[in-house]
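Below: one structure, written as structure tokens.
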Amino acid sequence: MNAKTADKIATGVIYAISGIVALILIAMLAFILVRGVPHLSWHFLTSPAKAFEAGGGIGIQLFNSFYLLILAMIISFPIALGAAIYLNEYARKGKFTTIVRTAIEILSSLPSVVVGLFGFLLFVVKFHFGFSILSGAVALTLFNLPLLTRSIETSLAQIPNLQREAGSALGLSRWETVIHVILPAAVPSIVTGVVLSAGRVFGEAAALIYTAGQSAPALNFADWNPFNISSPLNPMRPAETLAVHIWKINSEGIMPDVSAVSAGASAVLIIVVLLFNFSARKIGARLHQKLTSA
Amino acid sequence: MANNIDLKPVSEFISENAPERFIYDMPAEKHEVAISTKNLQVFYGDNLALSEGDLSFERYKITSLIGASGSGKSTFLRSLNRMNDGVATVKGNIMYRGVDINTKAIDVYEMRRHIGMVFQRPNPFAKSIYNNITFALTQRGVTKKQELDEIVETSLRQAALWDEVKDELNKSALALSGGQAQRLVIARALALKPDILLLDEPSSALDPISSAQVEDTLLELKNKYTIIIVTHNMQQAARISDYTAFFHMGKVIEYDLTRKIFTRPKVALTNDYISGNFG
Ligand SMILES: Nc1ncnc2c1ncn2[C@@H]1O[C@H](COP(=O)(O)OP(=O)(O)OP(=O)(O)O)[C@@H](O)[C@H]1O
Ligand SMILES: [Mg+2]
């Protein structure tokens, strides 16, 4: 067999494998969407769930998912950014850096259900936060932090050292260089990383079951005072998210239209996650283009 | 004003008792010295990469540093404005305006505004052409629009880039060609009005035309700046520089007027190198 044939066969095999992977993905998505999309309606997306009768929606769960996502991002982004800047721009090789890196690695490989249980024991029980948005947001932060730190660190590491040298040769301090040169240049890829991680956080269920809880009490969307118990913004209320809702109704749902609700909710979840994924690259590319052209 | 040196192999080099090194000792009463080094030693870890390089650089002249790859040219150059801080250990004195700048007490950020540097690969910031030039200035409190505009124009003119970019100052600098980017980087360094400009192979990544433009730029700048340039290009060294230092294995072997180095070197090793026998 000559090199050319070998090359052809190898290419063929690689194409076939990639094709199979793509096919599985498409089949899965198609299955969920085809089953779920027919059940979607404005009513379904906005009205509260019903436990015993048909016709319930996922409005509150959807809101909870976004609210938790935003809170988790607000908490985890600054920490991840700081940690990434430290690790990539300041840390020298040494014991401390090695420990931090190992910690991040271990944290990122923890199964999310373990993160959830930890959050339950520490925040829900020990700190008396109860099943609440707050407990959920902190658990999500623990879940998100290591991955986000890594992704921001990678974004910073992609900025060539020439840029740092340019900064110091102009008499700029390292901090000035990082803030005004390195970070702006890394923004497109940082944003991509953040949006991708948002997609991951949005779909997370296991970390939330025992922290944000499995109930979605009725909310009064006219009341935006975070101290009122029925206010959507109240951080101390239990908040079942969309992903948790899907898990829950599939294991113990008793409403007559349970399969329709589950299919519809899954479709919504998938669509939102896909939107995050597609827009991540789009936004990143757009920002990059803005940075490098006119 | 360019030198007119014919780069022929120096065949009549026969001197039996040629010295092993020759360092031109610049008499202070005849030449104004911009910067000089004494007992300079540079270590990467335990590895001595540069030693025995006592050089004085004359003000408003161009000095070339030549030598084979790994001979220590960049190491030497980067030591002059302390770009080796944190990378290498630099021992010895670097005298600038009567002060040893190789000491802890020196504010390196301030010092580097007097001793600017341009690197081999063009490294503009991911900012507009205009902001590339003004950024370091605004960080130091120059904020008047009119003043900044003036500085931008002057430095771009000095770097011979003004005519090409004057209508698109708000364009991203990353959209410039390699040669334009390198001249922008030179303009950016000039905007700080440095005394001394250090350049490490500034045109080696450029095509011949851009490279010639950068050379012309340097010759123009000579009236106002002291320039020290590392180059692998003998023709370039001969064309633009007044003095040349030849580095070999971490030592300065010969330092003299360019004219002398390229026509009548005193050390046999220098002769071998410039006539292409090694390197
Ligand atoms: N960052 C570094 N860490 C360790 N050793 C280094 C470092 N930079 C340079 N060296 C070593 O120091 C010596 C001199 O290198 P230097 O870069 O100064 O040479 P050069 O004359 O500039 O070569 P070139 O013409 O290839 O740029 C070489 O042996 C090189 O391996
Ligand atoms: Mg070099």
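The values are calculated or read from the model by the stated rules, or taken from the named source; none is laboratory data. Computed from a prediction, not measured in an experiment: that's the story for all the values here. Using ideal geometry, Cβ is built from the backbone for each residue, glycine included, and neighbour counts are taken over all protein chains shown. Accessible surface is based on the protein model in full, side chains and every heavy atom, while ligands, DNA and RNA are left aside. Shrake-Rupley method; radii C 1.70, N 1.55, O 1.52, S 1.80 Å.
Could you tell me whether B:Gln139 is of a type in the set (S, T, N, Q), away from chain A (no Cβ under 12 Å) and surrounded by fewer than 23 Cβ atoms within 10 Å (Cβ to Cβ)? Judged against the criteria, B:Gln139 is not a match. The set of residues from the range B:189-198 being under 17 Å from B:Ile66 (Cα atoms) and more than 16 Å from ligand 2 (Cβ to nearest atom) comprises just one member, B:Leu197.
Yes or no: A:Ile133 at pLDDT 95 or above and within 24 Å of A:Val195 (Cβ to Cβ)? If you could, list the steps in order and put the result at the bottom.
Working: at pLDDT 95 or above: no; within 24 Å of A:Val195 (Cβ to Cβ): yes.
So A:Ile133 does not fit the description; no.
Would you call A:Pro235 out of contact with any helix residue (DSSP H, G or I) (no Cβ under 6 Å at 6 or more places or on another chain) and part of a loop (DSSP other than H, G, I, E, B)? So A:Pro235 does not fit the description; no. Checking every residue in the range B:102-110 against the condition of being more than 16 Å from ligand 1 (Cβ to nearest atom), assigned to a helix (DSSP H, G or I) and among the hydrophobic types (A, V, I, L, M, F, W, C) gives at least one match.
Yes/no matrix, rows are residues, columns are (1) more than 18 Å from the chain's Cα centre (by Cα); (2) among the aliphatic types (A, V, I, L, M):
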residue: A:Ser197; (1), (2): no, no
residue: A:Pro235; (1), (2): yes, no
residue: A:Ala239; (1), (2): no, yes
residue: A:Glu252; (1), (2): yes, no
residue: A:Met255; (1), (2): yes, yes
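Can you go through A:Ile209, A:Ile190, A:Ile249 and tell me which one is open to solvent by less than 30 Å² (accessible area, probe 1.4 Å) and within 14 Å of chain B (Cβ to nearest Cβ)? That would be A:Ile190, the only listed residue that is open to solvent by less than 30 Å² (accessible area, probe 1.4 Å) and within 14 Å of chain B (Cβ to nearest Cβ). Residues in the range A:272-294 that are hydroxyl-bearing (Ser, Thr, Tyr), closer than 13 Å to B:Ala173 by Cα and in a helix (DSSP H, G or I): A:Thr292 only. Under the condition of being away from chain A (no Cβ under 14 Å), among the small types (Gly, Ala, Ser) and away from ligand 2 (no atom under 12 Å from the Cβ), the residues counted in the range B:199-214 number 4.
Between B:Lys73, B:Lys104, B:Lys91, which is away from chain A (no Cβ under 14 Å) and within 16 Å of ligand 2 (Cβ to nearest atom)? Step through it out loud before you land on a result.
Values: B:Lys104 fails: within 16 Å of ligand 2 (Cβ to nearest atom); B:Lys91 fails: within 16 Å of ligand 2 (Cβ to nearest atom).
Of B:Lys73, B:Lys104, B:Lys91, the one residue that is away from chain A (no Cβ under 14 Å) and within 16 Å of ligand 2 (Cβ to nearest atom) is B:Lys73.
Those residues that are open to solvent by 10 Å² or more (accessible area, probe 1.4 Å), more than 7 Å from chain B (Cβ to nearest Cβ) and either of a type outside the set (A, V, I, L, M) or in a helix (DSSP H, G or I) (or both), I need them from the range A:158-174; list them, please. Those that are open to solvent by 10 Å² or more (accessible area, probe 1.4 Å), more than 7 Å from chain B (Cβ to nearest Cβ) and either of a type outside the set (A, V, I, L, M) or in a helix (DSSP H, G or I) (or both): A:Gln158, A:Pro160, A:Asn161, A:Arg164, A:Arg174.
When restricted to residues that are within 13 Å of ligand 1 (Cβ to nearest atom) and either in contact with a Phe, Trp or Tyr (Cβ under 9 Å, 6 or more places away or on another chain) or open to solvent by less than 10 Å² (accessible area, probe 1.4 Å) (or both), the range B:50-73 contains 10. Within the range B:174-202, residues that are in contact (Cβ under 8 Å) with a residue 60 or more places away in the chain and closer than 22 Å to B:Val142 by Cβ sit with their Cβ atoms under 6 Å from residues that are open to solvent by less than 20 Å² (accessible area, probe 1.4 Å) and among the hydroxyl-bearing types (Ser, Thr, Tyr), at 6+ positions apart or across chains, in these pairs: B:Leu190/B:Ser155; B:Ile196/B:Thr226; B:Leu197/B:Tyr225. Being within 22 Å of B:Ser204 (Cβ to Cβ), under 19 Å from the mean Cα position of the chain (by Cα) and at pLDDT below 95 is a condition met by at least one residue of the range B:84-94. All of (1) more than 9 Å from every other protein chain (Cβ to nearest Cβ); (2) part of a loop (DSSP other than H, G, I, E, B); (3) over 20 Å from the mean Cα position of the chain (by Cα); (4) farther than 23 Å from B:Leu80 by Cβ hold for B:Asn170 with one exception: (1).
With A:Asn225, A:Asn234, A:Asn220 as the choices, which residue is out of contact with any Ser or Thr (no Cβ under 8 Å at 6 or more places or on another chain) and open to solvent by less than 70 Å² (accessible area, probe 1.4 Å)?
Values: A:Asn225 fails: out of contact with any Ser or Thr (no Cβ under 8 Å at 6 or more places or on another chain); A:Asn220 fails: out of contact with any Ser or Thr (no Cβ under 8 Å at 6 or more places or on another chain).
Criteria check complete, one pass: A:Asn234.
Scoring B:Arg188 on the criteria (1) more than 23 Å from B:Arg112 (Cβ to Cβ); (2) among the charged types (D, E, K, R); (3) at pLDDT 90 or above leaves a single failure, condition (1). Only one of the numbered conditions (1) more than 26 Å from B:Asn17 (Cα to Cα); (2) among the aliphatic types (A, V, I, L, M); (3) within 16 Å of ligand 2 (Cβ to nearest atom) is violated by B:Leu219, and that is (3).
So that you can scan it fast, the table gives a plain yes or no per residue for (1) within 13 Å of chain A (Cβ to nearest Cβ); (2) assigned to a helix (DSSP H, G or I); (3) open to solvent by 30 Å² or more (accessible area, probe 1.4 Å); (4) aliphatic (A, V, I, L, M):
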{"site": "B:Gln146", "(1), (2), (3), (4)": "no, yes, yes, no"}
{"site": "B:Val152", "(1), (2), (3), (4)": "no, yes, no, yes"}
{"site": "B:Ser155", "(1), (2), (3), (4)": "yes, yes, no, no"}
{"site": "B:Gly179", "(1), (2), (3), (4)": "no, yes, no, no"}
{"site": "B:Val185", "(1), (2), (3), (4)": "yes, yes, no, yes"}
{"site": "B:Ala189", "(1), (2), (3), (4)": "yes, yes, no, yes"}
{"site": "B:Leu192", "(1), (2), (3), (4)": "yes, no, no, yes"}
{"site": "B:Leu197", "(1), (2), (3), (4)": "yes, no, no, yes"}
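Does B:Ser36 satisfy the criteria of being buried (at least 21 other Cβ atoms within 10 Å of the Cβ), under 25 Å from B:Phe262 (Cα atoms) and more than 11 Å from ligand 1 (Cβ to nearest atom)? Considered against the rule, which asks whether it is buried (at least 21 other Cβ atoms within 10 Å of the Cβ), under 25 Å from B:Phe262 (Cα atoms) and more than 11 Å from ligand 1 (Cβ to nearest atom), B:Ser36 comes out as no.
If you go through the range B:257-279 one residue at a time, do you hit one that is in a strand (DSSP E or B), touching a residue at least 12 places away in the same chain (Cβ under 8 Å) and open to solvent by less than 10 Å² (accessible area, probe 1.4 Å)? No, because not a single residue in the range B:257-279 is in a strand (DSSP E or B), touching a residue at least 12 places away in the same chain (Cβ under 8 Å) and open to solvent by less than 10 Å² (accessible area, probe 1.4 Å).
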